[in-house]
Amino acid sequence: MTITRRSLLAGLTSGLLATRFPGLALAADEDGVFDLVAGPSKQRLFTQDAPASDLWTYNGAAPGPEIRVKKGERVRVRFTNRLEEPTSIHWHGIRIDNAMDGVSGLTQDPVEPGGSFVYDFVAPDAGSYWYHAHNRSWNQVARGLYGPLIVDETEPLFDRAHDLTLVLGNWLTVNGENRPATVLVRGETYRLRLINAANARVLAIDPNRFGAQVIGFDGQLFAEPVTLEYAPLMLGPAQRVDLIVTAETGFEIEELSGDTPYPMAAFAVSGENIRAGAFALHPEVNALPEPDLGSARRVRLDMTGGAMGGMGDIVYQGRRLKGSEMMTARQAWAFNGVANLAGEPLFAASAGETIVLETVNRTAWVHAMHVHGHHFRVLSRSGSTVDEGRPWRDTFLIGPDQTTEIAFVADNPGKWLLHCHMLEHAAAGMNTWFTVG
Ligand code: C2O
Ligand code: CU
């Protein structure tokens, strides 16, 4: 650590900035129902004297309030739409009842302006999740309609003061603030939940730079904390990573994809150096259905399109489009030659069937593919050893010309989306669906 950074952090300890660590969880009403209201609001995104931006938010702030429940608990959210356009809420990463998945036009009618809807579901798995708008998401999420959804373990691993949620947004803000600073107690261990809520930005983060270990991806904890052997960790749109860090000295979490590291959040430490001895973590791992690779059905997904994609014609709403028609229809990407939701599902799985999805990225871009309603294991990624150990995820990154195989048990009945979570890509074609019967 350089002198400059150390003195900077020393400065932070004295003039502590207001932060929202630990995030205040949204209180439920006496019936146990959470209230979420989507509406327009103004927020200063960078400094307190910056002009306020016009946002669309849940309960007046971006990110929206932290919803915190216990594993296995019933979650009820009374949602009211005070926007001027229809919307719905998706509970990203939750293996949810299909009717509550919040996808406008697929699992529910959008909630009209002035309307309301009660989301009522069980959160079966502990972990770090999030919620966001799922109608015209490329616009609604970009304007601020997202927030954290944290499902505590039956016995939480950390108390609330040591369990910090960092929602990383489009403007490289953290919890809606530009480079928030917080003070940790020296020698104590903290859990950091990083949620990438940006529309399209892949964040490059190196946990080794601040002595953190990875304890899970996309809500699913590993059996043991892992020290990454590669760097940086690429956190794609919609992905989450849970870290643990023991606060020895001050540190910053930086985004490393640019020429110079961009500081996102600063942590200072205070107090005597009393190491409480080695920290032992025994996470309760969620019981997800294990894919049966021997009997799996293989499905292939070809991704094409984009500026350098040389895509040729695509089918959109049942019709073959020629080059200029694609522009008019604002469609630029395709899955298996079809832009946007095909009339027929990509596949119809019988309940309990294992699906191996082989995705081939024939575009010149990186994408973040999300499967609704299920977690999957990443089986292989061509040309990469990253993700060894077949981690569970709900969103995977796929680089240009890369082939990735994932496997999951299709055990959640209903209609589920499979789309790129770079939300502009989804709107412009990278969107399909499957059914579980
Ligand atoms: Cu987080 Cu279909 O989305
Ligand atoms: Cu994409």
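The values are calculated or read from the model by the stated rules, or taken from the named source; none is laboratory data. Only a predicted model underlies this, so the values are computations on that prediction, with no experimental measurement involved. Cβ: placed from backbone, ideal geometry, glycine included. Neighbour counts: every protein chain shown. Ligands, DNA and RNA are stripped out before the accessible areas are found, and what is left, the full protein with its side chains, is counted by its heavy atoms. Shrake-Rupley method; radii C 1.70, N 1.55, O 1.52, S 1.80 Å.
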Reduced to Cα centres, the span from the range 153-213 to the range 376-424 in Å works out to 23 Å
With +1 at each Lys and Arg Cβ and -1 at each Asp and Glu Cβ, the charge dipole magnitude of the range 355-407 around its Cα centre, to the nearest 20 debye, comes out at 40 debye
quick note, the chain, DSSP beta bridge pairs, % antiparallel (nearest 5) is 70 percent
Computed, not fitted: 222 nm per-residue ellipticity of the chain from DSSP H runs ≥ 4 (each -39500 (n - 2.57)), nearest 500, equal to -1500 deg cm²/dmol
Quick P(r) readout (the range 105-236; Cα-Cα; 10 Å bins; whole %) gives 10, 35, 36, 15, 4, 0
With THR363 itself left out, Lys, Arg at +1 and Asp, Glu at -1 over residues whose Cβ is under 12 Å from its Cβ give -1
Short to long, in 10 Å steps from zero, the percent of alpha-carbon pairs of the range 181-228 per bin is 19, 49, 29, 3
For the chain, averaging the sequence separation of alpha carbon pairs under 8 Å that lie six or more residues apart and dividing by its residue count, the contact order in percent is 14 percent
Farthest towards the positive end of the dipole of the range 278-413, among VAL315, PRO283, PHE376 and with Cβ unit charges of +1 on Lys and Arg and -1 on Asp and Glu, lies the Cα of VAL315
Taking a probe of 1.4 Å and leaving out DNA, RNA and ligands, the range 168-281 shows per residue an accessible area in Å² of 35 Å²
The range 229-257 and the range 32-106 have their Cα centres apart by a whole-number Å value of 25 Å
Net charge near VAL37 (other residues with Cβ under 12 Å of its Cβ; Lys, Arg +1; Asp, Glu -1) is +1
Computed over the range 199-243, the relative contact order (Cα-Cα under 8 Å, seq sep at least six) in percent reads 51 percent
Dipole check, the chain, charges on Cβ (K,R +1; D,E -1), about Cα centroid: among ALA50, LEU184, ILE215 the Cα furthest to the positive pole belongs to ALA50
Of the accessible area of the chain, computed with a 1.4 Å probe and all protein chains kept, carbon and sulfur make up a percent value of 53 percent
With a ≥ b ≥ c from the Cα gyration tensor eigenvalues, square-rooted, and the rule rounded for a/c under 1.5, otherwise prolate when a/b > b/c and oblate otherwise, the range 243-390 is oblate
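Going by average Cβ density within 10 Å per residue, which order do the peptides 228-234, 211-217, 368-374, 175-181 take, highest to lowest?
Sorting 228-234, 211-217, 368-374, 175-181 by mean packing, highest first, produces 368-374, 211-217, 175-181, 228-234.
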The size of the Cβ-based charge dipole (Lys, Arg +1; Asp, Glu -1) of the chain about the Cα centre, to the nearest 20 debye, is 780 debye
Mean separation of Cα contacts under 8 Å (at least 6 apart) over the residue count of the range 134-200, i.e. the relative contact order in percent, is 38 percent
In terms of the alpha carbon gyration tensor, root eigenvalues a ≥ b ≥ c, rounded if a/c is under 1.5 and otherwise prolate when a/b exceeds b/c or oblate, the range 49-159 is oblate
In terms of the alpha carbon gyration tensor, root eigenvalues a ≥ b ≥ c, rounded if a/c is under 1.5 and otherwise prolate when a/b exceeds b/c or oblate, the range 375-437 is oblate
For the chain, the Cα-Cα pair-distance distribution in 10 Å bins from 0, as whole percents, is 4, 21, 32, 27, 12, 3, 0
